[in-house]
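I have placed the structure first, in the form of structure tokens, so that the comments after it can refer back to it.
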Amino acid sequence: MPDAVSVALSARPTAAEAEEAVRTLLRWAGDDPDREGLLGTPGRVVRSYGEFFAGYAMEPQEILARTFEEIDGYDEIVALRDIRFESHCEHHMVPVVGTAHVAYLPRTRVVGISKLARVVEGYAKRFTIQERMTAQIANAITTVLDPRGVAVVVKASHQCMTTRGVHKPGVAMITSRMTGVFREDPGARLELFSLLGMRPGAGPEGAC
């Protein structure tokens, strides 16, 4: 059975229809889409959306498909920190900007580090909420690599609460997903926190 994303993509409007929707929003906001400064805006917005939401054209688990087993018995933590991302809140369609730390403890296979960043990108460049994005990244790595543990920590600023609503600039939201040894073994978790520059029981210090 097709998932919601596949169904939405199959019924995707044309670029012309999307541009007309932008013109409607401009009129609703109280401006004239036919004035000189706004004539090219619908096209620019649609092209921007193609960048903002490129994640719908990605399958993050496929990104991880090429793995390497010649690791000479390496069995320590692999971590990639400070992965910057831009996403959009699915409730208000405004930006969510932050960084992610991704780590795993390999069992028999590792993956190119750029692939970890691309997995973050694949889930971030969609309409989402931070909690789900955090879980999706961890679940994809767990499913494909079958590691001994996965850790994902995300810290982001949400414009849905910094530029509207409660208007609280400077507020950041932190979410995490720990699986396997990082969830069960306090020693492994402490080692991870040390590598990522984090204090146990607290959010990332500066870097995230």
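The values are calculated or read from the model by the stated rules, or taken from the named source; none is laboratory data. Small disclaimer: the values here were computed from a predicted structure and weren't measured. Neighbour counts run over all protein chains shown; Cβ positions are idealised from the backbone, glycine included. Note: areas computed on protein heavy atoms with side chains; ligands, DNA, RNA excluded. Shrake-Rupley method; radii C 1.70, N 1.55, O 1.52, S 1.80 Å.
For the reader, a short list of remarks on this structure follows.
- Candidates 9, 80, 64, filtered to the one that is modelled with pLDDT under 95, among the aliphatic types (A, V, I, L, M) and under 16 Å from the mean Cα position of the chain (by Cα): 64
- Every test in (1) more than 15 Å from residue 79 (Cβ to Cβ); (2) open to solvent by 30 Å² or more (accessible area, probe 1.4 Å); (3) modelled with pLDDT of 90 or more is passed by residue 201 save one, and that test is (3).
- Looking only at residues of segment 81-94 that are touching a Ser or Thr at 6+ places or on another chain (Cβ under 9 Å) and in a loop (DSSP other than H, G, I, E, B), we find that the one that is least open to solvent (accessible area, probe 1.4 Å) is 94.
- Residues located in segment 144-160, provided they are open to solvent by less than 10 Å² (accessible area, probe 1.4 Å) and either out of contact with any Ser or Thr (no Cβ under 7 Å at 6 or more places or on another chain) or part of a strand (DSSP E or B) (or both): 149, 150, 151, 152, 153, 154, 156
- Of all the numbered requirements in (1) within 17 Å of residue 51 (Cα to Cα); (2) open to solvent by less than 10 Å² (accessible area, probe 1.4 Å), residue 116 misses one, and that requirement is (1).
- Output for segment 95-107, where each listed residue is surrounded by 15 or more Cβ atoms within 10 Å (Cβ to Cβ) and either assigned to a loop (DSSP other than H, G, I, E, B) or over 14 Å from the mean Cα position of the chain (by Cα) (or both): 103, 104, 105, 106
- Tally of residues being open to solvent by 90 Å² or more (accessible area, probe 1.4 Å) and touching a residue at least 60 places away in the same chain (Cβ under 8 Å) across segment 64-80: 0
- Qualifying positions in segment 9-32 - over 30 Å from residue 57 (Cα atoms) and not in a helix (DSSP H, G or I): 30, 31, 32
- Note on segment 145-164: residues that are closer than 21 Å to residue 192 by Cα and touching a residue at least 40 places away in the same chain (Cβ under 8 Å) total 11.
- Restricting the first member to segment 167-185 and to residues that are closer than 15 Å to residue 129 by Cβ and touching a residue at least 40 places away in the same chain (Cβ under 8 Å), and the second to residues that are open to solvent by less than 50 Å² (accessible area, probe 1.4 Å) and not hydroxyl-bearing (Ser, Thr, Tyr), the beta-carbon pairs closer than 6 Å and six or more apart or on different chains are 173/130; 173/156; 175/130; 175/154; 176/153; 177/135; 177/138; 177/152.
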